């Protein structure tokens with residue numbers, strides 16, 4: 001397996017301290033704090049470890065404090081409910097004696113029912129689009145230092161943006177975008193792992209979409225996730241191309257709101273995402 005992806009899977013594999021208590025390590029991805037998607041994915045991993053014969057179908061989370069990637073994070077799971085078809089878990093992430101994150105997640109046993117979905121946007125195939133890493137490398141030389149650290153970081157995912165990003169915010173654009181993504185190598189056939197990794201990667205590009213209509217340089221912004229919600233509609237593979245279709249209906253009060261729909265290559269809607277984040281312009 002690719003070493004970056006192997007390391008990410010290792011990060012998602014938590015140490016079990018007690019039946020409902022887990023400990024995870026962090027990685028520096030170039031941001032000043034622990035990447036929110038990492039905490040989200042690890043919290044879902046902890047909750048999933050206390051579940052049998054059910055798969056996560058929704059989660060709702062709040063980011064409370066910045067995480068320190070030099071110290072471990074402890075995840076405490078509350079087994080709130082175990083019913084015939086559904087189970088609910090609450091997870092608290094603790095670092096340096098304080099809550100930095102909390103999440104509720106619901107799990108469901110396999111069940112048949114009515115079926116319909118939204119249509120996938122018409123976009124070019126991933127093979128016809130440039131790789132994000134190449135675009136980032138070209139932009140890094142002109143970017144501020146705070147942005148360059150993020151741009152130059154290698155990742156365990158490939159991204160193929162449909163619309164080229166504007167890092168210097170030279171012109172306003174529409175509050176929506178689409179991009180393809182997938183893990184850089186093949187992963188085991190474990191649906192729970194694929195969903196935890198989707199939670200991880202879903203935190204990329206959300207707040208960027210809320211910034212599209214505004215001509216503000218990244219070095220003049222304070223940006224951070226406030227909350228994050230996900231709904232898993234159908235089984236998926238994170239190591240096959242998925243389309244992330246994003247739009248931002250609103251920004252106000254130093255907050256931006258973004259929605260995302262995630263489709264398989266053949267048009268199957270596998271997940272929906274919503275996030276509100278802090279977008280504060282500095283002097």
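The values are calculated or read from the model by the stated rules, or taken from the named source; none is laboratory data. Please read all numbers here as calculations on a predicted model, not as lab measurements. Note that we place each Cβ from the backbone using ideal geometry, even for glycine, and neighbour counts take in every protein chain shown.
Just a few scattered comments:
- Here residue 193 clears all of (1) over 21 Å from residue 61 (Cα atoms); (2) at pLDDT 95 or above except the condition numbered (1).
- Scan of the stretch 1-25 for residues that are over 25 Å from residue 89 (Cβ atoms) and not in a loop (DSSP other than H, G, I, E, B), ordered by number: 3, 4, 5, 6, 7
- Selection count where residues are in contact with a helix residue (DSSP H, G or I) (Cβ under 6 Å, 6 or more places away or on another chain), assigned to a loop (DSSP other than H, G, I, E, B) and over 15 Å from residue 203 (Cβ atoms), scope the stretch 26-73: 0
- Output for the stretch 118-132, where each listed residue is within 23 Å of residue 273 (Cβ to Cβ), in a helix (DSSP H, G or I) and out of contact with any strand residue (DSSP E or B) (no Cβ under 8 Å at 6 or more places or on another chain): none
- The stretch 179-205, residues that are under 27 Å from residue 54 (Cβ atoms), in contact with a strand residue (DSSP E or B) (Cβ under 8 Å, 6 or more places away or on another chain) and not in a loop (DSSP other than H, G, I, E, B): 181, 182, 183, 191, 192, 195, 197, 198, 199, 201
- Exclusive hit being modelled with pLDDT under 95 and surrounded by fewer than 16 Cβ atoms within 10 Å (Cβ to Cβ), set 147, 222: 222
Quick grid of which residues meet (1) crowded, with 17+ Cβ neighbours inside 10 Å; (2) modelled with pLDDT under 95; (3) assigned to a loop (DSSP other than H, G, I, E, B); (4) more than 14 Å from the chain's Cα centre (by Cα):
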| site | (1), (2), (3), (4) |
| --- | --- |
| 215 | no, yes, yes, yes |
| 250 | no, no, no, yes |
| 263 | yes, no, no, yes |
| 270 | yes, no, no, yes |
| 276 | yes, no, no, no |
